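Scroll down for the structure; my scribbles are underneath it.
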Amino acid sequence: MLPLRPTRYPVHSLPATLIDGLRAALFRHPRTMSMTTGADVFVGVMVVYLMLSLGTGMVDTPPPWLFAAAGVPTVLCDSMLTLVAAWMLAVLAGRRDAVWGIAGVLLAATVATALVIHWPISHAVSALAADGHIMPAMLLELVSRGWWFLVLLAFAHWLAPRGMLHAVGCALLAYAVSAAVWWWLPQSPLLLTAPTLIETDPGTTDADEVADANPSPPAHADDDAKADFDAEQAMYAQPALLDAALAKLAPQTPGKPDLYVVAFAGDAQEDVFRNEAEYAEELFSKRFGANGHVVVLENNVQTVTTRPLANWTNLHRTLEAVAAKMDPAEDILLLYVSTHGSEDHQLLVDLDPLPLNQIGPDDIADALKTTPAMRWKVIVVNACYSGGFVDALRDDSTMVMTSARADRTSFGCGADSDITYFGKAFLAEALNKTTSLREAFDLARTTIDGWETKDQKHAAGEAEPLLHSEPQIATSASIEARLATWQRSLPDAPPVPFRPASPRAEPASADHQAR
């Protein structure tokens with residue numbers, strides 16, 4: 001049990017510990033006085049950690065800010081891992097009486113390293129990766145991650161100068177606890193951008209009410225949606241249909257990063273979602289080397305007997321099957337979801353009269369928890385208010401793209417459309433110009449902004465102004481480096497023209513249909 005010792009220097013011990021933490025972050029030995037502090041100084045450093053995290057969050061996050069209580073456990077967890085690492089170093093150095101002092105200095109060094117080293121380097125890495133300089137970004141990322149090991153090495157050698165081999169062993173153990181474990185834990189920011197409220201009816205999780213939050217399609221679309229099929233037979237056929245689709249998955253290519261694609265079309269009332277899912281299958285199979293690695297889940301009366309349904313159960317089973325086929329260390333999952341979305345961030349999953357559950361951010365996160373775990377992921381959510389899915393799905397090895405901000409609609413669906421604005425800009429246009437998913441997103445965002453600006457002019461004078469959807473992306477140097485490696489392995493392939501599986505008229509303008 002850790003000894004709870006009172007602080008011997010109550011007035012100046014916290015500032016002294018913070019200064020010694022900065023010294024340790026720069027590979028300089030802390031002063032012996034800091035080793036005599038108690039648990040209260042450690043708690044004080046935790047408070048400083050929280051305050052600095054808020055400060056950096058204010059710099060990194062566009063206002064207006066919204067405090068996210070879920071980010072507090074992130075800081076507390078890092079502090080507790082540092083405490084465990086400090087206890088290990090104290091035991092190995094024979095300094096059990098100084099555990100709290102060691103922990104205080106080590107946590108102060110964590111704060112200093114995060115502020116002085118990791119924070120500026122992360123900005124540099126993001127800028128380099130965005131400009132396509134992947135190798136320098138990877139090297140900087142390695143420097144950032146290796147810096148903390150060098151801090152621990154210098155600290156362990158000062159704490160117990162018994163030779164470099166002993167110091168390296170102590171540093172490796174402390175690094176495994178305080179850093180390696182940390183990378184795999186879920187992390188949340190302390191600040192988010194507060195949504196701009198729009199005066200609309202509140203969203204719901206019930207399928208009918210979620211659909212009511214969006215404009216109703218014309219009567220002929222309802223007639224199509226009510227085509228005859230046996231609901232009971234459709235449900236009983238699901239295991240066999242899904243098994244047949246999963247049996248077609250090709251094995252992973254040894255020594256080469258493969259892309260596995262799961263396309264999910266949630267709403268049966270409009271064919272745009274089916275069109276996008278089936279086009280994604282064709283596009284990634286022919287142009288991105290994913291032939292035999294694509295599964296389509298869709299709700300549509302025309303395919304109810306030939307395709308597995310888009311629901312959570314089928315999604316989770318599919319992801320489990322993909323995880324079993326792929327090499328989790330090198331292969332990449334791309335999950336493309338297209339449907340309606342509500343203001344409370346629920347995706348519409350609907351095939352009347354089947355009783356299908358709606359899907360929220362945590363539901364997708366749960367579906368992605370496979371055995372074995374899939375490390376590299378690209379998740380695209382094309383729906384109104386889809387920006388609300390970013391925080392639940394993002395991590396260091398995942399790229400998340402959404403067609404709209406958390407408080408904005410996206411456009412281009414409806415019975416008179418063949419494809420949504422985002423689907424057309426991202427899939428049909430941008431990915432036929434480039435094989436870079438990040439570059440394609442940037443191109444699509446610019447294209448959509450132009451379309452919506454044009455629609456704004458057409459909608460001028462209406463009671464409710466047309467707001468831009470503002471597609472969102474969350475990425476990291478790690479996933480972009482993995483994608484760059486995969487991209488280099490792609491053969492040259494011609495563009496794949498978009499042909500709707502169920503054609504309608506030209507896409508509706510944004511002032512006609514929002515999702």
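The values are calculated or read from the model by the stated rules, or taken from the named source; none is laboratory data. As the structure is a computational prediction, the values presented were derived from the model and not from experiment. Virtual Cβ from ideal backbone geometry, glycine too; neighbours counted across all protein chains shown. The accessibility values were calculated without ligands, DNA or RNA, using every heavy atom of the protein model including side chains. Shrake-Rupley method; radii C 1.70, N 1.55, O 1.52, S 1.80 Å.
A few points about this structure:
- Potential extension, R488-E232 segment - 0.36 nm per residue separation minus Cα distance: 87.5 nm
- Other residues lying with their Cβ under 9 Å from the Cβ of A493 contribute a combined charge of +1, Lys and Arg counting +1, Asp and Glu -1.
- Computed over protein heavy atoms with a 1.4 angstrom probe, the accessible surface ordering of K256, K454, K433, largest first, is K433, K454, K256.
- List L315, L172, L466, ordered by accessible area with a 1.4 Å probe, largest first: L172, L466, L315
- Accessible area per residue for segment 275-351, computed on protein heavy atoms with a 1.4 Å probe, is 26 Å².
- Accessible carbon and sulfur surface of segment 25-106 relative to its total accessible area, %, 1.4 Å: 74 percent
- Accessible area expressed per residue, segment 46-105, with surrounding protein chains retained (probe 1.4 Å, Å²): 44 Å²
- Within the accessible area of segment 348-453 (1.4 Å probe), percent carbon and sulfur: 45 percent
- Segment 79-116 residues near the modelled R162 label - backbone nitrogen below 17 Å, point 7 Å along Cα→Cβ: 86-99
- Over 27 Å between alpha carbons, listed pairs K248/K369; K325/K424; K286/K457; K369/K433; K286/K369: K325/K424; K286/K457; K369/K433; K286/K369
- Close amide-amide hydrogen proximity is noted between V349 and I359, each under 5 Å apart and 5 or more residues distant or on a separate chain (H modeled in the peptide plane; Pro and chain starts excluded).
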